Amino acid sequence: MKKTRNLLISAISIALLSVPVIVHGEEATTASLHQEREFSLKPLDDKMKRFVHKSDYQFEYPDAVRGIYVTGNSAGGGKFNSLVDLIEKTELNTMVIDVKEDNGHLTFTPEEGSPYEDMAQDYIKEPEKMMEVLEEKGIYPIARIVVFKDSVLAKKRPELSFKKNGQVWVNGKGEAFVNPFQKEVWEYNIEVAKMAAKMGFQEIQFDYVRFPEGFETRDKELDYSLGDYKDSDLDDVQKRVQAVTDFVKYAREELSNYDVDVSVDIFGYAATIEEAPGIGQNFSKISENVDIISSMIYPSHWTSYFGIENPDAEPYKLVKEYAKVENKVLGALEEPPVSRPWLQDFEAPWLYSGATKQYGKVEVEAQIKALYENGINEFLLWNAGNTYTENVDYTIGLKE
């Protein structure tokens, strides 16, 4: 099992080493339905799950995943070759590639007649060729699927979203969400995940596994279905937590015969509190139902929670303090997932009235070193434009 192998690596490394916020997807560049089609995607009956689906590609799980985020546009365009070159020349070994992006579009065109056909933007025109290159180069492929932030599905099927005054509700950025209480939304996204698994991706990474930010302040003014949670005795906060947790558990069960690992991106601050009441994320409960947990711990996205006045300017200290908290939380679980945080490789001009703190080799290496020193050996780098710092030593903490 990929997870078991990686946990062993982490345990060995810990011995050797002696040991609010915005989510990264909202910084990503986004791509924008007609023809009505109903989606009623029912999961296969358990009795029909006789075989484990394995792709024809051969990928080996790396010694430890060290990866970069890649948009569909980059994966299917001229930038792909330069990103492959970056990985070949460094200690990086993984690409997290958008399969369903922030607006809700698929980044490739599914087979003709698919209910997802109208939801696609043909960024990756030759997915088979892309996978062949990744296989040849030994680059581990992870499929990123944005779940509940989905303007495309919300506008096509308003009854699956949140509405205000009869119209699909959007946040301040004009983004719409679909409803985590609706199991049809779950099925819709799991079918995308199954397509990704059949394409050859070795891991399904779910992002935006949550309600909209600040939902607790507007839930009474929005019109939406509670689905199967309508008659629950839980309070509103716990209903949201239960729905999000149930989706993750359901996803893992549905993908159990596809030979893929399941990971979830989560707010970093969720590890520091019992649960995030508005968005429905409980760090421990989600972690219990995934193979990998990927906290978004960009220094620029923190307040002075750890007593650091300007976390963006102190990446090493911020990541070190966060890692201590996460290790404690995951250490309390009977079967903790692999920890693989998202790190910052971008600038945050919104924090500064003057010159912006630049992120380069020193800042990226500082975050990686802080992880290694705390026994966390895997990481992913986020840059919305897929332009990554050059000459970084991605194993700096392991060599000392």
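Of GLY200, GLY138, all but one fail to be small (Gly, Ala, Ser), at pLDDT 95 or above and out of contact with any Ser or Thr (no Cβ under 9 Å at 6 or more places or on another chain); the exception is GLY138.
Residues of region 124-136 include at least one that is buried (at least 21 other Cβ atoms within 10 Å of the Cβ) and either part of a loop (DSSP other than H, G, I, E, B) or touching a Lys or Arg at 6+ places or on another chain (Cβ under 8 Å) (or both).
Of the residues LYS239, LYS230, LYS324, LYS320, only one is closer than 20 Å to LYS149 by Cβ and surrounded by fewer than 24 Cβ atoms within 10 Å (Cβ to Cβ); which? So that I can check it myself, show each step before the final result.
Values: LYS230 fails: closer than 20 Å to LYS149 by Cβ; LYS324 fails: closer than 20 Å to LYS149 by Cβ; LYS320 fails: closer than 20 Å to LYS149 by Cβ.
One residue alone meets the criteria, LYS239.
Scanning region 163-180 for residues that are charged (D, E, K, R), open to solvent by 40 Å² or more (accessible area, probe 1.4 Å) and over 18 Å from ARG240 (Cα atoms) yields LYS164, LYS173.
Against the definition (of a type in the set (S, T, N, Q) and in contact with a Pro (Cβ under 7 Å, 6 or more places away or on another chain)), how does GLN202 come out, yes or no? Outline the logic, then answer.
Numbers: of a type in the set (S, T, N, Q): yes; in contact with a Pro (Cβ under 7 Å, 6 or more places away or on another chain): yes.
When the stated conditions are applied, GLN202 passes them.
When region 272-281 is filtered for residues that are out of contact with any Lys or Arg (no Cβ under 8 Å at 6 or more places or on another chain) and crowded, with 24+ Cβ neighbours inside 10 Å, nothing remains. Residues being at pLDDT 95 or above, closer than 21 Å to LEU106 by Cα, of a type outside the set (D, E, K, R) and open to solvent by 20 Å² or more (accessible area, probe 1.4 Å) are represented in region 245-262 by at least one member. Pairs are defined by a Cβ separation below 6 Å, a sequence spacing of at least 6 or placement on different chains, a first member in region 76-99 that is under 18 Å from GLN205 (Cα atoms), and a second member that is open to solvent by 40 Å² or more (accessible area, probe 1.4 Å) and part of a helix (DSSP H, G or I); no pair meets this definition. Within region 214-255, the residues that satisfy the criterion of being out of contact with any strand residue (DSSP E or B) (no Cβ under 9 Å at 6 or more places or on another chain), assigned to a loop (DSSP other than H, G, I, E, B) and either of a type outside the set (A, V, I, L, M, F, W, C) or under 20 Å from GLU159 (Cβ atoms) (or both) are GLY214, SER225, LEU226, LYS230, ASP231, SER232, ASP233, ASP235. For region 87-123, filtering for residues that are over 25 Å from THR389 (Cα atoms) and in a helix (DSSP H, G or I) leaves 3. Looking across region 312-346, the residues that are among the charged types (D, E, K, R) and over 20 Å from the mean Cα position of the chain (by Cα) come down to ASP312, GLU314, LYS317, LYS320, GLU321, LYS324, LYS328, GLU334, GLU335. Taking region 346-400, which residues are open to solvent by 10 Å² or more (accessible area, probe 1.4 Å), part of a helix (DSSP H, G or I) and either more than 27 Å from VAL329 (Cα to Cα) or of a type outside the set (A, V, I, L, M) (or both)? Selection gives PRO349, TRP350, LEU351, LYS361, VAL362, GLU363, GLU365, LYS369, GLU373. Scanning region 93-121 for residues that are open to solvent by 10 Å² or more (accessible area, probe 1.4 Å) and farther than 22 Å from ALA154 by Cβ yields ASN93, GLU111, GLU112, GLY113.
The values are calculated or read from the model by the stated rules, or taken from the named source; none is laboratory data. The structure displayed is predicted, hence computed values, not measured ones. For neighbour counting, all protein chains shown are included, and Cβ atoms are generated from backbone atoms with ideal geometry for every residue, glycine included. Side chains are part of the model used for accessible areas, which takes the heavy atoms of the whole protein and leaves out ligands, DNA and RNA. Shrake-Rupley method; radii C 1.70, N 1.55, O 1.52, S 1.80 Å.
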